[in-house]
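Trainee: Let me give you the structure first, and then I'll get to my questions.
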Amino acid sequence: MKFLLVSISLFSFIFGQVSFTGNVVSSMGESRNGYYYNESLINTQIQFGRFNNWLQFEFSDPPELGREYNGLRKLRLEYLNGPLQIKLGDMYEIWGRGLILNSLDDQSIDRDSGIRGIGIVYETDAFNIHFLSGQSDYSMSTIYSPGYNSRTPNYTTTHNLYGVHTEWQLDSHLAGLTFLQSKEAHPVNTFPEDTLDIKNRLLGAHYIYNNSLIDVYVEYVKNWSTLLNEENDGFTNYLDGRALYGNVNLYFSLFSLNLEYINYRFGTLDPLNRWNNVDNYGIIQHFQNPPISGVIGSTTLINRTSHQTDFNNEVGYKLEILGSIRDDFEYYGFISRSSRSNTWFINNEFEWEKEGQPVILPQTDPAASPYKAYYGEISGYLFDYTLHT
């Protein structure tokens, strides 16, 4: 009897300290050409004291996009103790606004830029530092590599990386520095002997100012890529670039204004090679994902016709306004412009060539692939908040 009471007490204590949550996402369908897919994702999260455990299982036979997989797909163990946090396993992190690191997992488009390794975070009110080290394997479907299939990846790069992200807070001011390096195994095609060894370095600085009337954010990033020279077993400079992002928010009594500016020149590629990530390297990496000058729409049709940003080479801005007409109605509008930083033309040798110096504001010349959008919306509730329009 005493043993039974002790067992019940121990069982109650353990499970009283454990928190369990989970969800299941399943989808299936069949296209008119006979392609059938059936996939399920199971997420579980267990919290016990200072420990948190995340597991994700995938059962796809086959998935809508990507490779067939059945079993444990992702796992992460976290330990939190005051200002210290330690992560082991699959991590999805964003540093600053994502110009250097913004890893994500989007199953709907089969894009996974997560990092498997270790992350250490130390945060106080005045200072924080994030350290990360691990491996990131990125797969995609591309016409520039043999065996192209619109549903299944045919090209994979491997990155072994480490980085440090630091920030200092002083009253309304915050400043930070970020460094990240990846050693990339970059296949030129599917033959292993044609894999290139590339070292990519990213160094950035950002500044934030906040008060009740204005928010300011500025971030600048430089990237250097070097290629292993097999003759002398050393790295030689291959490509370098840079990026600038700025954001200003102004707050008034009845409305707010938001101005964003981007100027990305990680790599300047001609129109035929703009989306060729196989034969071009040392450009933007899959784990970066910086902000865009356009807007992701709130309605289905506008969202599906959004502008495709070229993160390697694009300059643009966006001006947004948001306010309330009354308690149950508000308005929103934006102006968005962007283009390449250079114009392109075909020379006498029938090759693409850049023209002029890089610009700091978007161009209207068709040779610079200009883009512009204007949008306005009024939304609210009618009939005592029973109808939204």
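Any read-out appearing in this document is the output of simple, stated calculations on the displayed coordinates, not a laboratory observation. No experiment lies behind these values; they were computed from the predicted model shown. As a convention, Cβ positions derive from the backbone with ideal geometry for all residues, glycine included, and neighbour counts pool all protein chains shown.
Trainee: Among 40-46, 355-361, how do they line up by average Cβ neighbours within 10 Å per residue, starting with the highest?
Mentor: 40-46, 355-361
Trainee: Pick out, in residue order, every one of the trypsin sites (Lys or Arg not before Pro) in region 294-389 that is DSSP loop and has at most 15 other C-beta atoms within 10 Å; say none if there are none.
Mentor: The qualifying sites are R304.
Trainee: HN-Hα J couplings of region 202-208 from phi, Karplus 6.51/-1.76/1.60, θ = phi - 60°, integer Hz, Gly and Pro as x?
Mentor: Values per residue, Gly and Pro as x: 10, 10, x, 9, 9, 9, 10 Hz.
Trainee: Tell me the net charge near N347. Cut-off is 14 Å between Cβ atoms, N347 excluded, with +1 for each Lys or Arg and -1 for each Asp or Glu.
Mentor: -4
Trainee: Can you list the equivalent-ellipsoid semi-axes of the chain, largest first and in whole Å, using the square root of 5 times each Cα gyration tensor eigenvalue? Please list the in-between numbers first.
Mentor: Values: eigenvalues 275, 197, 133 Å².
Semi-axes (√(5λ), whole Å): 37, 31, 26.
Trainee: Right, here's the next one. Mean residue ellipticity at 222 nm from the helices of the chain, using -39,500 (n - 2.57) per DSSP H segment of n ≥ 4 over the full residue count, to the nearest 500 deg cm²/dmol?
Mentor: Working: 2 runs with 20 residues, N = 389.
One gets -1500 deg cm²/dmol as the mean residue ellipticity at 222 nm.
Trainee: Taking θ = phi - 60°, what integer Hz values does the Karplus form 6.51 cos²θ - 1.76 cosθ + 1.60 yield along region 376-389, in sequence order, with x for Gly and Pro?
Mentor: Result, ordered by residue: x, 8, 10, 9, x, 10, 10, 6, 6, 6, 9, 10, 9, 9 Hz.
Trainee: Here's another thing I want to ask about it. For a Förster distance of 25 Å, can you work out the FRET efficiency between the beta-carbons of T300 and N258, rounded to the nearest 0.05?
Mentor: Here the calculated transfer efficiency is 0.60.
Trainee: Shifting gears a bit: Once you list every other residue whose beta carbon is under 13 Å from the beta carbon of S133, what net charge do they have if Lys and Arg are +1 and Asp and Glu are -1?
Mentor: Around S133, the surrounding residues sum to +2.
Trainee: On full extension of the chain, what length is gained from V216 through I94, given 0.36 nm per residue of separation minus the C-alpha to C-alpha distance?
Mentor: Residue separation times 0.36 nm, minus the Cα-Cα distance, leaves 42.1 nm.
Trainee: In terms of Cα to Cα distance under 22 Å, which lysines are near enough to K318, apart from those fewer than 8 places away along the same chain?
Mentor: Partners within reach: K372.
Trainee: Cα to Cα, under 16 Å, and not fewer than 8 places away if on the same chain: which aspartates and glutamates meet these conditions relative to K74?
Mentor: E39, E58, D90, E93, D105, D106, D110, D112, D137
Trainee: Specify the inter-centroid distance of region 328-389 and region 35-99, based on alpha-carbon positions, in whole Å.
Mentor: Each part's Cα centre sits 35 Å from the other's.
Trainee: Another question, if that's okay. So what J values fall out for region 154-169 if you push phi through Karplus, 6.51 cos²θ - 1.76 cosθ + 1.60 with θ = phi - 60°, rounded to Hz, Gly and Pro as x?
Mentor: 10, 8, 9, 10, 10, 10, 9, 9, 8, x, 9, 10, 10, 9, 10, 10
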